[in-house]
Amino acid sequence: MMPKQDRTAWLKGGDARCAVPPRKPLGKPWHLVLLGAPGVGKGTQAELLSERLACCHLSTGDIFRAAKCFDEKDQTPAIQSALGCMKRGDLVPDTTVLQLVGERPRCLRCSGGFLLDGFPRTVAQAGALEELLKREEVGLTAVFNYELPLEKIVARISGRRVCSKCKAVFHVETKRSQVEGICDQCGGALVQREDDRPEAVEVRMKAYLENTRPLIEFYQKRGLLITVDAEGSPEEIYKRTRLLALGR
Ligand code: AMP
């Protein structure tokens, strides 16, 4: 497996730079957006796609999770309030999210390409992304929209466990670690994400239906949407995605 790209510039923002240059894609760099309800398996597909297509995995949720580890004195009031939203499962306000993404234009024009996961999440964010990309003279290659019935989504979320150190994702039934509660990759403790608790999941699902689902129509109108059935193993879903994206 290729080592994960260095995402320092994305996670830290400001003047931070990635120490390792991006991998060179085989053809044109990919500029992708992933859509889908919480728990649909987007994060796993993001890992596979970014590794195999050599594009950088840019997740706004990861920016907030990284900020959680900063000293409190390094957390701006906007970040502290964002972490509160995240804990409840609520969306972080557009202004905060757009400020963070707007401070990272370098990642959008990176020669390795990108895969946006968890952004945009509202029509306002999608409009702002369109403007940002226009300014950077970058066009989206495709928007993958992963679809799965609700009961399967609930099963995936309730069993999901994440490594507290390297963030690798496991599942208590479908992707068990070799030793229960311990990450296969780095030996870190596996935990349930705070926002995977049932009360937070309900809030996240409502936020998805109200705010993010309208993006399907937004990208359909622009001829960018590719809807992918998210049933099956990660590998099956990946292959389905690649087949649907042939020629892009
Ligand atoms: P994720 O890892 O993408 O599921 O994001 C985790 C949480 O971070 C979400 O439930 C939101 O609270 C917050 N978040 C991440 N990205 C965004 C975004 N683009 N807009 C609003 N809130 C976001």
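The values are calculated or read from the model by the stated rules, or taken from the named source; none is laboratory data. Computed from a prediction, not measured in an experiment: that's the story for all the values here. In this analysis, Cβ positions are derived from the backbone assuming ideal geometry, glycine residues included, and neighbour counts consider all displayed protein chains. Areas reflect the complete protein model, heavy atoms only, side chains present, ligands, DNA and RNA absent. Shrake-Rupley method; radii C 1.70, N 1.55, O 1.52, S 1.80 Å.
What to note about this one:
- From the list G27, G84, the lone residue that is open to solvent by 20 Å² or more (accessible area, probe 1.4 Å), without any contact (Cβ under 8 Å) to a residue 40 or more places away in the chain and within 19 Å of Q192 (Cα to Cα) is G84.
- Within segment 56-103, the set of residues being more than 14 Å from the ligand (Cβ to nearest atom) and under 13 Å from the mean Cα position of the chain (by Cα) comprises just one member, C56.
- Restricted to segment 105-197, the set of helices (runs of 4 or more DSSP H) holding at least 2 residues that are away from the ligand (no atom under 15 Å from the Cβ) and open to solvent by less than 60 Å² (accessible area, probe 1.4 Å) comprises 123-136, 150-159.
- Close Cβ contacts (under 6 Å, 6 or more residues apart or on different chains) running from residues in segment 57-68 that are more than 15 Å from A46 (Cα to Cα) to residues that are open to solvent by less than 10 Å² (accessible area, probe 1.4 Å) comprise F64/A82.
- Some residue of segment 77-100 being within 29 Å of I157 (Cβ to Cβ) and in contact with a strand residue (DSSP E or B) (Cβ under 9 Å, 6 or more places away or on another chain): no
- Taken over segment 31-46, the residue count meeting the criterion of being within 10 Å of the chain's Cα centre (by Cα) and either among the β-branched types (V, I, T) or more than 14 Å from D229 (Cα to Cα) (or both) is 4.
- Criterion violated by I79 - all others in (1) aliphatic (A, V, I, L, M); (2) part of a loop (DSSP other than H, G, I, E, B); (3) without any contact (Cβ under 8 Å) to a residue 24 or more places away in the chain satisfied: (2)
- Any chance V201 is β-branched (V, I, T) and in a strand (DSSP E or B): no
- Output for segment 66-76, where each listed residue is open to solvent by 60 Å² or more (accessible area, probe 1.4 Å) and assigned to a helix (DSSP H, G or I): K68, E72, K73, D74
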